[in-house]
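**Q** Below are the structure tokens for one structure; questions will follow.
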Amino acid sequence: MQYDVIIIGGSYAGLAAGMPLARARRKILVIDGGQRRNRFAQHSHGFLTQDGTDAGAIAAKGREQLLAYDTVHWLEGKASSAERTEHGFRVQIEGMESLEARRLVLATGVVDLLPDVPGLAERWGSHVFHCPYCHGYELNQGQIGVLASSPMSMHLALLLPDWGATTFFLNDSFEPDDEQLEKFKVRGVRLERSRIARIEGGLDLIMQDGRLVKLDGLFTATRLEMASPIAALLGCEFDDGPFGRTIRTDLVKASTVPGVFACGDAARPGGSLPLAVGDGTMAGAAAHQSLIFGGY
């Protein structure tokens, strides 16, 4: 069976990509491995009409609405590779037969690589976050920490005083210069140069000098890795950013490989649920139009 479009990844971006294609009555397949990036967070914030809603419930509702269209098919599995064929693309799914489509939408997501601090990973999504716009308000202007992973972490540290009293834990990642120190002073950011030995309790930071620092929330920038090798296998070009690579796309989310579109966190720096939905919608509409007009 050949589909019009195969969407690899069934989280927010992939679901959103499916909607314009489904409404155009195109035969599509969504392949999903069930690993949402925000699966560690209980609630989603900042998404208009869904603020504070359970993150999993939003994805489940999106899947229910998409599957209400009878040209949409869903496959739970992991796409392991993809290649160009004479008439489009062939996608190999682990433990199954390969499937073909005229177009591909990659909504494959990324993996967060956290700083190596004992106790940090266990609190990811509940007490440790990456986005103040998603999680800052709920800290109720309490005690906030920023764990530096590189000089780029300054950006977070200078943002977060709008959400609470902010301490910047340098953790030997870099030493601010005089100009940077002045910026911290203006924003009221306190600097902490002792390393974090481990994290205990809710969010109790045990410092290497033995002190205990209690926080209401801790933010850190993660390194990003592609969650799937498929974009690279297809020959897509990437953009290198300060926190990792993203699939290079144009304004309509077309990749550098004709017929392949990419959306969501794998195809933009940063990332959030509303941005993933917007990008997915654009990618799905562009994929549909490419079936009619060619190009991309």
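**Q** State whether region 21-115 is rounded, prolate or oblate according to the following rule on the C-alpha gyration tensor (a ≥ b ≥ c being the square roots of its eigenvalues): a/c under 1.5 gives rounded; otherwise a/b larger than b/c gives prolate, and the remaining case gives oblate.
**A** Values: a/c = 2.45, a/b = 1.45, b/c = 1.69.
The shape class here is oblate.
**Q** Using Cα centres only, tell me the gap between region 1-69 and region 176-205 in whole Å.
**A** 38 Å
**Q** Using the Cβ atoms and a cut-off under 15 Å, what net charge is assigned to the surroundings of residue 27, where Lys and Arg are +1 and Asp and Glu are -1?
**A** Values: positive: 23, 25, 26, 102, 103; negative: 4, 70, 100.
Every neighbour counted, the sum reads +2.
**Q** Compute the long axis of helix 178-187 from its Cα atoms, compare it with the longest principal axis of the Cα atoms of the chain, and write down the angle in degrees, 0 to 90, nearest 10.
**A** Rounded to the nearest ten degrees, it is 90.
**Q** Using the Kirkwood radius over Cα pairs, work out the Stokes-Einstein diffusion coefficient for the chain at 37 °C and 0.692 mPa s, in µm²/s as a whole number.
**A** Numbers: Rh = 20.4 Å.
The Stokes-Einstein estimate is 161 µm²/s.
**Q** Same structure again: Which of the GluC sites (Glu not before Pro) found in region 190-296 are loop residues per DSSP with 15 or fewer other Cβ atoms within 10 Å of their Cβ?
**A** Taking region 190-296 and a limit of 15 other Cβ atoms within 10 Å, the loop GluC sites (Glu not before Pro) found are 237.
**Q** While we're looking at this one, here's another question. Find the cysteines in the chain that fail to meet the 4.7 Å Cβ criterion with every other cysteine, and list them.
**A** 236, 263
**Q** How high is the relative contact order of region 115-220? Use alpha-carbon pairs under 8 Å, at least six apart in sequence, and give a whole percent.
**A** 34 percent
**Q** Let me ask something additional. For the residue pair residue 1 and residue 197, what label-to-label distance in nm results when each label sits 7 Å from Cα along the Cα-to-beta-carbon direction?
**A** 5.9 nm
**Q** Counting only helical runs of four or more DSSP H residues, what would the 222 nm mean residue ellipticity of the chain come to if each run contributes -39,500 (n - 2.57) and the total is spread over all its residues?
**A** -7000 deg cm²/dmol
**Q** So for region 115-220, taking the charge dipole from beta-carbon charges (+1 Lys/Arg, -1 Asp/Glu), which of 160, 213, 115 sits furthest toward the positive end?
**A** So the residue we want is 213.
**Q** List the trypsin sites (Lys or Arg not before Pro) within region 1-89 that fall in a DSSP loop (any state other than H, G, I, E or B) and whose Cβ has at most 15 other Cβ atoms within 10 Å.
**A** Answer by residue number: 25, 39.
**Q** Next up: Quick one: compute the contact order of the chain, relative version, from alpha carbon pairs under 8 angstrom and 6+ residues apart, as a percent. Don't skip to the end; give the middle numbers.
**A** Numbers: 648 pairs, mean separation 66.8, N = 296.
Averaging sequence separation for qualifying contacts and normalising by length gives 23 percent for the chain.
**Q** Could you work out the local net charge near residue 4, counting Lys and Arg as +1, Asp and Glu as -1, over the other residues with Cβ closer than 9 Å to its Cβ?
**A** +4
**Q** Angle between the Cα long axis of helix 12-23 and the longest principal axis of the chain, 0 to 90 degrees, nearest 10?
**A** Approximately 30 degrees, to the nearest ten.
**Q** What GluC sites (Glu not before Pro) in region 67-155 are in a loop by DSSP, with at most 15 other Cβ atoms within 10 Å of the Cβ?
**A** Taking region 67-155 and a limit of 15 other Cβ atoms within 10 Å, the loop GluC sites (Glu not before Pro) found are 86, 94, 97.
**Q** Ok, one more. Quick check on region 115-220: take the gyration tensor over C-alpha atoms, sort the square-rooted eigenvalues as a ≥ b ≥ c, and tell me if it's rounded (a/c under 1.5), prolate or oblate.
**A** oblate
**Q** Sticking with this structure for a sec: Given H placed 1.01 Å from N in the peptide plane, which residues other than close sequence neighbours of residue 223 have an amide H under 5 Å from its amide H?
**A** 113
All of the numbers you see were taken from the coordinates with simple rules; none came from a lab. Since the structure is predicted, the reported quantities are computational estimates derived from the model, not experimental observations. Ideal geometry is used to build each Cβ from the backbone, glycine not excepted, and the neighbour counts take in all protein chains shown.
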